[in-house]
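Q: Pasting in a structure now, in structure tokens, and then I'll have a few things to ask.
The values are calculated or read from the model by the stated rules, or taken from the named source; none is laboratory data. Source: prediction; values computed, not measured. So basically every Cβ, Gly included, is an ideal-geometry build from the backbone, and we count neighbours across all protein chains shown. Ligands, DNA and RNA are stripped out before the accessible areas are found, and what is left, the full protein with its side chains, is counted by its heavy atoms. Shrake-Rupley method; radii C 1.70, N 1.55, O 1.52, S 1.80 Å.
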Amino acid sequence: MEHEQTIPEQRKEAESSPEPGTPDAAQTGPRRRRRGRAVLLIAGAAVLGVLAGTVTGYAVQYDREPTPLAPLAQADLAYPKALAPDDATTHRTINANRWHASDDDLTKLLVEAPSGAKKQESGYGSLDFLALDFKEPDNALREFTSARTRRIASVSWTVGDSTFVTVTLLQFADRGGADDYQQEQSGYMSDKDHAANDGVPIPGISSDLGRVWVDSKAEEKAGYLPMRGARAVARRGDLVLDIHFVNNRGKIAEGDVVDLAKRQLERL
């Protein structure tokens, strides 16, 4: 019992007495505390110095007179004087800065028939007449009306006695109507009752804005010539081009339809 009691006392003495050549505990503890306190004092002084400099800068700037801005390079811009309307005044002249080519005569934007072709018709068409080209004319007419179709212009021609081409431009009140028409018409072209393929893109535009389809097979009936069709549908702004090819020999070169669609887009 006594031996067990004296061991803790000896251990405490051994732990409390420093080794030779090392600073004692009484010296190391306070020294570390003084070093930490010095660091805090230096950091605090630095922060106070930054704050004092900022406050002084604001005070000096506040007392100074405001610096005038440099004059504009073109202070006196020349604007044309407004003129009173006369007989030559049109909607286009009033809105010259906001005028777009599609706001002009839409028939001027139609592609020209190739050399050697026989032009059939050209001009504006009505919604009800265009709706007759669809399987459900009544439904097509309602959709044209709800989409706020503004104008329809078309041109058609024949090449020999075998190829028949119609190019139609449809202008809508906004881009949304044009986009809806283009997406809807393009959506069913890959069905087996139509082209039965995914078509090819038109160079110069994104594939989701326009494609060309040539029917995978010609339609053949006893006593009739083989009929093959092709179609191009593309959108640019509020305009949609809709091109129809028909050949009663069953032969249509895909490149011819793509080239025609590309030339028509370049005119828009």
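Q: Loop-only check: which GluC sites (Glu not before Pro) in the range 191-268 are DSSP coil with at most 12 other Cβ within 10 angstrom?
A: Listed in order of number, the matching sites are E220.
Q: Would you mind classifying the range 96-233 by shape? Square roots of the alpha carbon gyration tensor eigenvalues, ordered a ≥ b ≥ c; an a/c under 1.5 is rounded, otherwise it is prolate if a/b is larger than b/c and oblate if not.
A: Since a/c reaches 1.5 and a/b is larger than b/c, the shape of the range 96-233 is classed as prolate.
Q: Does the range 217-265 come out rounded, prolate or oblate by the C-alpha gyration tensor, with a ≥ b ≥ c the root eigenvalues, rounded set by a/c under 1.5 and, if not, prolate when a/b is larger than b/c and oblate if not?
A: prolate
Q: Let a ≥ b ≥ c be the square roots of the eigenvalues of the Cα gyration tensor of the range 191-237; is it rounded (a/c under 1.5), or, if not, prolate (a/b larger than b/c) or oblate?
A: Prolate.
Q: Past 21 Å, Cα to Cα: identify those pairs from K192/K217; K119/K221; K81/K108, in the order given.
A: Check vs 21 Å cut-off fails for K119/K221; K81/K108.
Q: Please calculate the 1.4 Å probe accessible area of I152, with all protein chains present, and give it to the nearest 10 Å².
A: 10
Q: Just how much of W213 is accessible, in Å², when a 1.4 Å probe is used and the result is rounded to the nearest 10?
A: Surface accessible to solvent at W213 totals approximately 10 Å².
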